[in-house]
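No lab work stands behind these numbers, since they all come straight from the coordinates. Small disclaimer: the values here were computed from a predicted structure and weren't measured. Cβ placement follows ideal geometry from the backbone for every residue including glycine, while neighbour counts extend to all protein chains displayed.
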Amino acid sequence: MSSRRIVPIGPYHPLQEEPEFFKLIVEGETVVDLEINIGYNHRGHEFISPELTYDQIPFLVERICGICSNSHPLACVLAVEDCAGIKPPPRANYIRSIVHELERIHSHLLWVGLAGHFIGYNTVWMWAWRYREHILELFEMITGNRNHYAMNKPGGVRRDIKTEQIPQIFAVMDVVDKKVMMLTKAVLDDPVIRSRLEGVGVLTREQAIAYSVTGPTARPSGVDIDVRRDDPHCAYDCVPWNVIVLNEGDVLAKTKARLLEIVESTRIIRACLKDLPDGPIETRVDEVPPGEGIGRTEAPRGEVFHYIRSDGSNRPLRHKVRAPSYMNIASNVVAIKGGSIADAALTLAAVDPCYCCTERMAAFEDGKLRFTGKDLLKLSWAKTERLKEQRA
Amino acid sequence: MNGLRLTANGLPLPDPEAVGRQPSAVSGLKVLIPEAEVYEHNPKRLYVTIPRERLTDAAKYLHRERGMRLSTCTGIDTRDGFEVLYHFSEDSTGTMYTLKVLAPKDDPKLDSQATWFPAANWIEREMHELLGIDFPGHPNLIPLLTSDTDWEEDKYPLRRDFERRSDAHEQ
């Protein structure tokens, strides 16, 4: 196969938080195979965690990911609570749900903005990130931090939501709802965006099940799973909301699913704030008995899974962490095959890995540099321009 | 919008009569593997200990016949050997079924599930490099996390006898 070329993507980029290395094997413009290498940012959390106490571990796992910095501590404290058989008080459950959904909104807006950037719609990028800023300001008001909120502890939450903060949260939810509907309409009505996203990077239902993918990678492929509904925790079984399931499995379906999930998240936050119960925000945890516990929650990207084994001391014997991208990135191997190289960046981005790495690409042919990351981004933008001209 | 399907939380509820007629995954496992030991931590967290020879049968039963999803696997270095937990999630009921198998320290081998189940591919590679458990039959058993580093072979950081750097400094 003399016409086969390798297009390496990654692994390092100053902006990305999870470096990955994608080796695209292409024939002409078509991607025929993909090899994935991870591990460039392996920090040994599972190794460090057994040396820390149960109170310290949430601070450690919070730093696994800067975007999902509520999902990991939440799943971790759920695992400890499952092991010890502790039920947090209702007010803590509601506050956990509110912070968790705020995180989903900011993460999905971040993804929509970057997806817009990748197909050459920088206006979408600027606008989506502008509305994300309101959410970060809410985080600062509620938790004191724009990132790494430190809200969860075994038995409850660390900070309360004050009564005077509630009207401000409602006001931001109104803005987010309005602007997300505007973005959704803009994405669905624009014929060029549609033709860039429709039918690209399709993951079928069978493939989604075989690779056990989760979250907004699985649901647009017709797999009806959501840990928030299936394994109720926090306040998710106390308020009404919907799970967004679509059947096409392409990047357009993944975009739709994320945009619609933002609207569902604002619904959950509104309902939680309305029925926010009074009372304490934490239960005292005296000891964690010997045994094991599993905690899982629906992060913006899918199911986060934490397993804790305790020997009765104040530290775990073993702490296993599995982030959703671990399952989702592996499915790129089937989603990207047969697509064109101009769609590759978008397809890899569609599972929402921490994917700034897709910018840092370089293609070598006979030892000479052929494409750089910027060139591939330009290829993607040129396709959009071509489509625009065809429509005009 | 075409193809959009909404399901309210808790819905669609499984038909209670149909659930009653169908044997649970635990009783199915018991029929398949009579020596299986079941521990119920709570109704949503079930742990089933099985002999390692029957691992593939049990995993195939849970995934293919019960439609469960592999969440991940956990490998633990214990006094009796390497304990490997296969966490399966039954999303229709929100129950975690965990298969427990033990690989003795002098022969740390388990049948690879990646041959028929792509979801097990990466986690088996990870357990191979961090704990030194062998998975005969795995299509590509190369290191996952340390492939591009100068990490020494035969050094397994999640084993209990792994020499930590601080210990080495004190000596």
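The figures follow:
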{"quantity": "Gain in span if fully extended, A:Arg146 to A:Glu198, counting 0.36 nm per residue against the direct Cα distance", "calculated": "15.3 nm"}
{"quantity": "Relative compactness, the stretch A:246-302, computed as alpha-carbon Rg over 2.2 N^0.38 Å", "calculated": "1.77"}
{"quantity": "Span-rule helices in chain A, defined as complete DSSP H runs reaching 27 Å or more along the axis (Cα) with Kyte mean at least -1.0", "calculated": "A:90-118, A:122-143, A:166-189, A:251-274"}
{"quantity": "Extended-chain gain in nm, criterion 0.36 nm per residue less alpha-carbon gap, A:Asp237 and A:Ala171", "calculated": "21.3 nm"}
{"quantity": "Exercise: per-residue mean of other protein chain Cβ atoms within 10 Å, A:322-328", "calculated": "3"}
{"quantity": "Once the Cα gyration tensor of the protein assembly as shown is diagonalised, semi-axes √(5λ) in Å", "calculated": "35, 31, 24"}
{"quantity": "FRET efficiency for B:Lys109 and A:Asp224, using Cβ-Cβ distance with R0 set to 45 Å, rounded to 0.05", "calculated": "0.75"}
{"quantity": "Greater than 24 Å apart at Cα, pairs in A:Lys254/A:Lys337; B:Lys60/B:Lys105; A:Lys153/B:Lys155; B:Lys30/B:Lys105", "calculated": "B:Lys60/B:Lys105; A:Lys153/B:Lys155; B:Lys30/B:Lys105"}
{"quantity": "Rough spin-label spacing in nm, given labels placed 7 Å along Cα→Cβ, for A:Lys178 and B:Glu163", "calculated": "6.6"}
{"quantity": "Projected label distance in nm at A:Thr283 and B:Asp134, using a 7 Å step from Cα toward the beta-carbon", "calculated": "4.7"}
{"quantity": "Peptide B:129-135 - average C-beta neighbours from other chains (10 Å radius)", "calculated": "1"}
{"quantity": "Cα gyration tensor shape for the stretch A:203-342, rounded if a/c is under 1.5, else prolate or oblate", "calculated": "oblate"}
{"quantity": "Sites A:Glu206 and A:Arg4, calculated FRET efficiency, Cβ-Cβ separation with R0 35 Å, nearest 0.05", "calculated": "0.80"}
{"quantity": "Shielding by other protein chains, B:115-122, mean Cβ within 10 Å", "calculated": "4"}
{"quantity": "Proxy reagent accessibility, fewest Cβ within 10 Å first, across B:Arg52, A:Arg318, A:Arg258, A:Arg130", "calculated": "A:Arg130, B:Arg52, A:Arg318, A:Arg258"}
{"quantity": "Helix-only mean residue ellipticity at 222 nm for chain A, each DSSP H run of n ≥ 4 adding -39500 (n - 2.57), per residue, nearest 500", "calculated": "-14500 deg cm²/dmol"}
